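Input: a single structure, listed below in structure tokens.
The values are calculated or read from the model by the stated rules, or taken from the named source; none is laboratory data. What you see is a predicted model; the values in this text were computed from it and never measured. Counting neighbours? That spans all protein chains shown, and the Cβs are built from the backbone with ideal geometry, glycine included.
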Amino acid sequence: MLESLFKVGIRNLLKNRIYSAISIVGLALSISCCILIAMWVFHETSFDHHHEKANRIARLTSVLNMNGEIDAAVTDLPSGPQIKQDYPEVEEFVRFRSAGRQAELSTDDKLFYQENVWFADSSLFDVFTYHSVQGELATALNEPKSIVLTESLKEKFFGDADAIGEQIKINNSYLTVTAVIEDIPENSEIQSSAFISMHTLPQGFFDVHNQDWFRIGFYVFLLFKEKPNVKEFDKKLIEFEKQYVQPWAEMNQLEAGLVFNITPLKELHFDNKRDYDLPKGDLNYVYLFSLLALFILIIASINYINLSLAQSSKRAKEVGIRKTLGSSRSELIVQFMSESVLLTIIAAIVGLAFVELLLNWFGNLTEIEFSSLDLFQPNILLTLLLIVLLVAGLAGSYPAFVLSNFAPVTAMKGVIPKTGGIGLLRKVLILIQFTVSLFMITGTFLVQDQVDYMRSMNLGFDQENILSIRIPADTSVNRQVGPWVESLKDDSRVKSITNASLPTGGGVGELMFRIEQNGQLSEKPINFIYVDDQFLDVMGIELLEGRNFSKEIQTDQQQAFIINERAVKQFGWQDGALDKRMQWGLMANNQAANDGKVVGIVNDFHFLSMQNELEPVVLLYSPNARNVVNIKFNQGDYTGLIKEMETRWVEMAPRHPFNYSFYDDILDRNYRNEERVSSVFSYFAVLSICVAALGLFALVSFSIETRIKEIGMRKVLGASSLEILWVLAKEFFVMLGIGFLIAAPINYVFMQYWLEGFAYDVPITPFSFLLALCISLALAASTMIYHVWKIATTNPVYALRYE
Amino acid sequence: MIKLENIAKRYRTDEVETTALQGLSLHIEEGEFVSIMGESGCGKSTLLNILGLLDAPSEGSYEFNNINVTSLKESGRAALRKSNIGFIFQSFNLIDELSVAENVELPLVYLKVPKSERKKRVETVLERMGIGHRAKHFPQQLSGGQQQRVAIARAVINSPKVLLADEPTGNLDSHHGNEVMELITQLNQEGTTVIMVTHSEHDASFSKRTIRLLDGKVISENQKAPSQAI
């Protein structure tokens, strides 16, 4: 029986080759899409699940309330050990502190700038699960000046050789390699290339931090004895704060407080609203992309259902014969269902092949490394099975349940009872297809609009022709680089040079300031950038009032501040901001290490990316800071100059890579997320419209096939091919119009919601909507070119003789 | 074998009601060969469908093989049908996607006959119909006469008590038509009850009894002397 079902199924597919191919290709494409998205979704939702104690681990965070709230992902140094001591349900804690954005690690002959190097407590390996390749993890971080390397970093330094006991230098001190661990999986919140024992940091560091509950700068994780109750523990943390932090704040006359809370490790990846956090995922995108995958699956399934419906009169005859010969209804249901399962399985196999082909491309798009082996993970296979069952069930149920119910006599004549139901069902399905496609095309345009808008906005500074070079912390190199940078100023191709603590547009630091307000000093966290006196010139930032920093004025380093217009407004200094008092490096009794006045006001510029609203910023004068050198070139060809610089660099600092990037590239990186959304959206949109177009093609072909007599008649009566096509196809265009009317408002609401996440959102204009409609109409029309030809070449006499 | 009493069949489409059969009574004994004739639209096919348990009458009673089937549901009719009745149609009604052997085998599949047994019986019946060499072909590869032989083979494979033929030669030339009629006659001689709807006096001449219908009623019945049969 099964064999015969299979045989008939295959033969039916082969007989209707074109329709089968359209169904299979459409389904395969959509299945491959779904699988790719499922892989991404599983990746996103599996963060840190691999830690054996994942259920018992939570991150401690703090909201610092000090004239403004900072909801920080980090917290202070003392809370971890104190909580462990006070709460028996807490078994262990581990703290991480970054060793710098790009830590400089070196051996005698090699040097690497390494991201994700952490100082960590020795309890690290009790809390989190890492797999040792060499060395004993339990004791690896017990001693100061110990370092645990990941396998790939170890290979960079030592190749295949044994690394245990080897020395690695960081910030002029030597560390001993005590263990090597397997590389951290990509789906880990804490990415790391090396862990250094926390006690490598100098005692003075601990002295300062242990006495200050507001020096937040550590990622702290707590290991509970059992899965923690977040709400209850957060309540306990309120008491904890009252017991320790409040008395300390009062003693130091600080009007501020902390609110501690915990987030379970497994939820951490989507906990993306905090400052100073590690790179995070966005649950909204998980939902959005899952929805898109579902849409595409629906579009492709509808193709299949519609083609089954279109062929149902042919199939009805078979039903009649089989019933006459004694087939029961259930046997027919099994037959149609198994055909549909067969087709879906074929589509799934082809889809998997597509996935295999697209895996690299998709990996680049999502910046996640996927391997073919990931396809065989149980959850992916389960998803595939679900898709097959869902699609096969949806697509097979009409012929299975409706056709099999026909009376044999009528069915044998191929006449389907005219209930109007089928026609309506088909129309509704096509309408859904068009609506979804239009939604996606319009969405693509709107997302792209927003990306273009952010890029084209005036940033308030000049980002062109600026090269940014990272200068090594290594003092011997730093000493050489200084004079060299000075000498570059004489080159005719160089316009000007500035040092700044960070490249603008790439983020800044935040410091606690006291500012003068209503005759009093009040505390406030404010963004800051270290600059020199050339910064404004190089960046093309305009000085609106007051003066720039000056080398001539000795006190500028401690006593001069330049602020932007936004700061003027937000601090309520519209009556005159110059000479207003500011402090940082705060000490008790209104004392501060740096106490001075506003000397200049500059125009607002976007030191953060355009996703964020413009914020107040303070420029601090630091003529000697040389983390980053920004070189502004004159217009013209400067590639030669860059080559010369590199050659010179290699002479000066042979072990240090010449790290440079152009400003506009740095800024572009800020939009990578939106770019990604935009590209994923556009790929899906193109795909969905293609699948829908395939379906349309098939439906019109089918309608020509079944109405060949009518076409012949119309031809005999003098109709042109286009007129005939219009009769057959006008309903599709009408439905496209209706689809547009449904999709447009949904798009509008949806995009409004998406754009709310941006500080600067592009106004939604009808243009994108109309463009999407025009493209869909053009595409629909172009699928019918073939049909016009087909009708034109149909011999009316043959058509009339047909049947 | 077959007893129809006061059968009526009415079709209703939207607001129009058509009467296909009206007060029709008919008795057919086992082993008979009966032709049903009449103008187009006289109700011949409707009658055949009711006889074949493909359709239920609107009124009257139908007794098949001493079972009252008037009020049987589709599933009950299907069960009786698959083991007792074979069908031959004017348009052959073979399934294009199945090979000759598979088409012929189908009734046995639905009767859940084991595979090896099916194979044997299909071979035998195809040989008998003279199309054994065509077993692996598909219907479109055969001539009309050959297709109708396949249809007959399929109709008789489960040795039905009754064979219903609806214009079995309607789509065939006279040569192939005669061959088909001879086959049917032979089956009748072997004991199968045959009921045939036809337009053709020639075909009807093969049968032992001819019933003429007009407007859904029997208007005449003539019994042929046994010697007249070929």
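All of A:V727, A:V788 fail the test of being in contact (Cβ under 8 Å) with a residue 60 or more places away in the chain, in a helix (DSSP H, G or I), surrounded by 14 or more Cβ atoms within 10 Å (Cβ to Cβ) and β-branched (V, I, T), apart from A:V788.
Rundown of residues vs (1) within 14 Å of another protein chain (Cβ to nearest Cβ); (2) aromatic (F, W, Y); (3) within 30 Å of B:I152 (Cβ to Cβ); (4) part of a loop (DSSP other than H, G, I, E, B), yes/no style:
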residue: A:Y287; (1), (2), (3), (4): no, yes, no, no
residue: A:A293; (1), (2), (3), (4): no, no, no, no
residue: A:Y304; (1), (2), (3), (4): no, yes, no, no
residue: A:G320; (1), (2), (3), (4): yes, no, yes, no
residue: A:G326; (1), (2), (3), (4): yes, no, yes, yes
residue: A:E331; (1), (2), (3), (4): yes, no, yes, no
residue: A:L343; (1), (2), (3), (4): no, no, no, no
residue: A:A348; (1), (2), (3), (4): no, no, no, no
residue: A:A353; (1), (2), (3), (4): no, no, no, no
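Just one of the listed residues (A:E92, A:E136) is more than 30 Å from A:H656 (Cα to Cα) and surrounded by fewer than 16 Cβ atoms within 10 Å (Cβ to Cβ), and it is A:E136.
Of the residues in region A:20-37, at least one is closer than 30 Å to B:V109 by Cβ, within 14 Å of another protein chain (Cβ to nearest Cβ) and assigned to a helix (DSSP H, G or I). When restricted to residues that are of a type in the set (A, V, I, L, M) and at the interface with chain A (Cβ under 8 Å from one of its Cβ atoms), region B:80-103 contains 3. Can you pull out the residues in region A:576-593 that are in a strand (DSSP E or B) and closer than 17 Å to A:P616 by Cβ? Matches in region A:576-593: A:R581, A:M582, A:Q583, A:W584. Say whether the condition of being surrounded by fewer than 21 Cβ atoms within 10 Å (Cβ to Cβ), outside any loop (DSSP other than H, G, I, E, B), touching a residue at least 24 places away in the same chain (Cβ under 8 Å) and within 11 Å of chain A (Cβ to nearest Cβ) is met by at least one residue in region B:62-78. Checked region B:62-78: at least one residue is surrounded by fewer than 21 Cβ atoms within 10 Å (Cβ to Cβ), outside any loop (DSSP other than H, G, I, E, B), touching a residue at least 24 places away in the same chain (Cβ under 8 Å) and within 11 Å of chain A (Cβ to nearest Cβ). When A:F221, A:F240 are screened for being in contact (Cβ under 8 Å) with a residue 12 or more places away in the chain and in a helix (DSSP H, G or I), only A:F240 passes.
The residue list B:L24, B:L47 contains one member that is within 13 Å of chain A (Cβ to nearest Cβ), crowded, with 19+ Cβ neighbours inside 10 Å and in contact with a strand residue (DSSP E or B) (Cβ under 8 Å, 6 or more places away or on another chain), which is B:L47.
For A:I738, work out the one condition from (1) modelled with pLDDT of 85 or more; (2) under 16 Å from A:G443 (Cβ atoms); (3) surrounded by fewer than 20 Cβ atoms within 10 Å (Cβ to Cβ) it doesn't fulfil. It fails just one condition, (2). Checked against (1) surrounded by fewer than 20 Cβ atoms within 10 Å (Cβ to Cβ); (2) touching a residue at least 60 places away in the same chain (Cβ under 8 Å); (3) under 30 Å from the mean Cα position of the chain (by Cα); (4) closer than 17 Å to A:F218 by Cα, A:L124 meets all criteria but (1). Selection of region A:164-183 for residues being surrounded by fewer than 19 Cβ atoms within 10 Å (Cβ to Cβ) and either not in a loop (DSSP other than H, G, I, E, B) or not small (G, A, S) (or both) yields A:I164, A:E166, A:Q167, A:K169, A:N171, A:N172, A:S173, A:Y174, A:T176, A:E182, A:D183. If the condition is being in contact (Cβ under 8 Å) with a residue 24 or more places away in the chain and part of a helix (DSSP H, G or I), then region A:244-269 contributes A:Y244, A:V245, A:W248, A:A249, A:L265, A:K266, A:L268, A:H269. The residue that is modelled with the highest pLDDT, among those in region A:498-515 that are part of a strand (DSSP E or B) and surrounded by 19 or more Cβ atoms within 10 Å (Cβ to Cβ), is A:I515. All of A:V617, A:V598 fail the test of being in contact (Cβ under 8 Å) with a residue 40 or more places away in the chain and within 36 Å of the chain's Cα centre (by Cα), apart from A:V617. In the set (1) more than 14 Å from every other protein chain (Cβ to nearest Cβ); (2) more than 14 Å from B:F89 (Cβ to Cβ), B:Q148 fails one condition alone, (2). Which residues, counting only those in region B:104-130, are in contact (Cβ under 8 Å) with a residue 24 or more places away in the chain and within 9 Å of chain A (Cβ to nearest Cβ)? Once the filter is applied, which keeps residues that are in contact (Cβ under 8 Å) with a residue 24 or more places away in the chain and within 9 Å of chain A (Cβ to nearest Cβ), region B:104-130 yields B:E105, B:L106, B:P107, B:Y110, B:L111. Scanning region A:359-397 for residues that are more than 30 Å from A:E674 (Cα to Cα) and buried (at least 19 other Cβ atoms within 10 Å of the Cβ) yields A:V388, A:V391, A:A392, A:A395, A:G396.
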